[in-house]
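Heads up: the structure comes next, in structure tokens.
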Ligand code: ADP
């Protein structure tokens with residue numbers, strides 16, 4: 001008589017019809033892929049086991065566990081390192097599912113998914129059934145996937161770290177090259193040939209900087225490291241700053257830069273968004289428009305599509321009269337490294353092919369989609385629409401004036417500036433520009449030296465490197481604040497971070513400037529923050 005049938009008899013039930021169904025039951029019991037143990041609820045003694053239990057526990061031929069206490073079974077076969085050890089050892093009298101680690105009779109280990117349940121033969125069933133499924137293969141698979149994921153994550157982290165370090169290291173010497181070329185070019189009476197060559201150096205190094213920045217952004221995108229950093233800001237100041245920084249480049253190439261912002265239509269131009277991502281997108285589009293336009297104009301417009309108390313739906317558009325893009329390439333240009341005119345031999349337009357990939361991701365994060373329309377030979381139009389929350393706050397008179405700031409016209413001659421910079425090349429470039437603008441300068445190569453100078457001299461502005469050995473810019477600023485000296489401090493940094501703005505201003509810096517800096521940007525910051533002081537001079 002087979003085991004399950006026997007066990008049904010023990011339970012005191014059975015007639016001839018049942019006998020047949022018991023045979024089916026027995027067959028199913030034995031054929032199950034799960035190891036099954038039936039035991040008595042009261043005495044805890046094993047009544048029967050199926051063949052799978054014998055197989056997965058590698059029991060010797062003919063070994064029967066009948067009569068063995070279920071807790072003793074666990075004591076014998078449960079591994080000391082098993083998850084749910086106590087539960088499996090002592091508390092099998094309630095319905096439960098969980099994992100366990102078992103050691104077989106042959107001392108091999110396997111992971112099992114354990115389930116205990118009442119065996120409902122009738123209303124007052126005395127039996128419980130314990131099933132153990134060998135899940136070692138899927139556990140191994142899980143572990144392998146986790147290990148593989150960890151490896152990928154590590155590789156991707158080290159790629160990101162490598163790119164950030166390299167980009168930082170490259171930006172520092174580039175600062176030297178770009179700054180020096182600006183300096184040489186600012187000298188009059190240069191022989192035309194020299195002038196032309198220096199222009200090439202400036203152009204090439206700026207291009208290299210653009211690539212370095214793009215690669216860093218792209219790897220951040222790849223790593224999903226880009227996050228929105230939303231804050232209130234004045235959109236019209238932001239747009240003016242962008243066009244201000246492009247004006248010279250447009251003048252040099254004799255292309256008209258036309259702007260069209262509805263500043264007056266807005267009672268309150270403060271909006272909440274990620275200023276850096278929005279400006280980076282507009283800068284990328286403007287820089288492409290300039291690069292691919294040989295004559296004519298580029299128009300940057302911002303239109304209000306919808307306006308409510310709490311939000312603005314704005315359409316941004318950069319339109320050029322450039323070379324245009326063939327219809328069949330309009331989708332491809334948003335893919336990484338795609339360039340329309342990338343024939344190596346005829347290569348005329350430089351770029352990394354990453355600008356639009358990055359821009360479209362930035363716009364996606366801002367809640368929109370970049371679109372393009374273009375006619376070859378006539379020009380292109382890149383546009384996107386995004387909804388921006390309005391920052392409801394009454395603007396002060398001075399903030400309203402910011403749209404066309406008076407300070408932009410200020411003369412900075414005579415301003416007393418303190419340069420705090422450990423790198424001699426960076427310091428010498430900064431020094432040369434400040435001298436050219438006739439500022440009165442003192443210099444410190446360390447934070448400690450700066451603090452000494454501040455004890456004996458008055459300054460209208462401090463220009464301080466963040467990445468200095470021994471005492472970095474943040475600590476030096478904290479010590480300046482402890483001395484209760486009220487002076488605008490502009491941080492200089494070669495690090496590009498999404499949240500640089502908040503990082504720096506929250507530490508108490510008045511503003512920051514990225515290295516390599518554009519002289520015009522630096523001058524604007526000095527004009528802006530030394531406004532009141534100049535009035536006294
Ligand atoms: P990059 O400009 O560095 O090559 P982008 O991703 O910014 O990379 O642009 C991809 C390609 O799209 C460019 O190489 C160019 O062929 C095309 N493109 C982008 N903007 C314009 C434009 N305003 N006019 C014509 N072609 C453009």
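So how do 481-490, 135-144, 371-380, 284-293 stack up, highest first, on mean other-Cβ count within 10 Å?
284-293, 371-380, 481-490, 135-144
I'd like the orientation of helix 473-482 relative to the chain: the angle between its Cα long axis and the longest Cα principal axis, in ° from 0 to 90, rounded to 10.
Long axis of 473-482 versus the principal axis of the chain: about 70 degrees.
From Cα coordinates alone, what are the radius of gyration and Dmax values for segment 269-325 in angstrom?
13.7, 42
How far is it, in nm, from the label point at residue 387 to the one at residue 193 when both lie 7 Å from their Cα along the line to the Cβ?
Going from the residue 387 label point to the residue 193 one covers 6.3 nm.
Rank by packing, highest mean first: peptides 84-90, 173-179, with packing defined as the count of other Cβ atoms within 10 Å averaged across residues.
Per-residue Cβ counts within 10 Å, averaged per peptide and sorted highest first, yield 173-179, 84-90.
Give the Cα extents of segment 115-206 along the principal axes, in whole Å, largest first.
The Cα atoms of segment 115-206 stretch 108, 24, 16 Å along their principal axes.
Tell me what the chain gives for mean residue ellipticity at 222 nm when only DSSP H runs of n ≥ 4 count, each as -39,500 (n - 2.57), the sum divided by the residue total, rounded to 500 deg cm²/dmol.
-14000 deg cm²/dmol
Only counting other Cβ atoms within 10 Å, I'd like 161, 524 sorted with the fewest neighbours first.
161, 524
Treating segment 54-119 as a set of equal point scatterers at the Cα positions, no solvent, please give the Debye-formula log₁₀ I(q)/I(0) at q = 0.16, 0.19, 0.25, 0.28 Å⁻¹.
-0.53, -0.75, -1.23, -1.39
If all Cα-Cα distances of segment 152-244 are sorted into 5 Å bins from 0 onward, what percent lands in each bin, rounded to whole numbers?
It works out to 3, 11, 15, 13, 14, 16, 12, 8, 5, 2, 1, 0, in whole percents.
In Å, what is the Rg of the alpha-carbon atoms in the chain, and how long is Dmax?
Gyration radius and largest Cα-Cα distance of the chain: 36.7, 118 Å.
Semi-axes, largest first, in whole Å: what does sqrt of 5 times each Cα gyration tensor eigenvalue give for segment 233-340?
26, 17, 13
Mean shadow of segment 109-163, computed from the convex hull of its alpha carbons, in nm²?
About 6.0 nm², averaged over all directions.
Give me the mean projected area, in nm² to one decimal, of the convex hull enclosing the Cα positions of segment 59-181.
Taking the Cα atoms of segment 59-181, their convex hull projects to 13.3 nm² on average.
For residue 58 and residue 120, FRET efficiency with R0 = 22 Å and r from the beta-carbon atoms, rounded to 0.05?
Plugging the Cβ-Cβ distance into 1/(1 + (r/R0)^6) gives 0.10.
Of the listed peptides 183-196, 322-335, 58-71, 37-50, what is their order by residue-averaged count of other C-beta atoms within 10 Å, with the highest listed first?
Result, highest mean Cβ count within 10 Å first: 37-50, 322-335, 58-71, 183-196.
Which whole-number percent is the relative contact order of the chain (Cα, under 8 Å, 6+ apart)?
10 percent
Here, each number is a calculation from the coordinates, and none is a lab measurement. Only a predicted model underlies this, so the values are computations on that prediction, with no experimental measurement involved. When we count neighbours, we look across all protein chains shown, and the Cβ atoms used for this are built from the backbone with ideal geometry, even at glycine.
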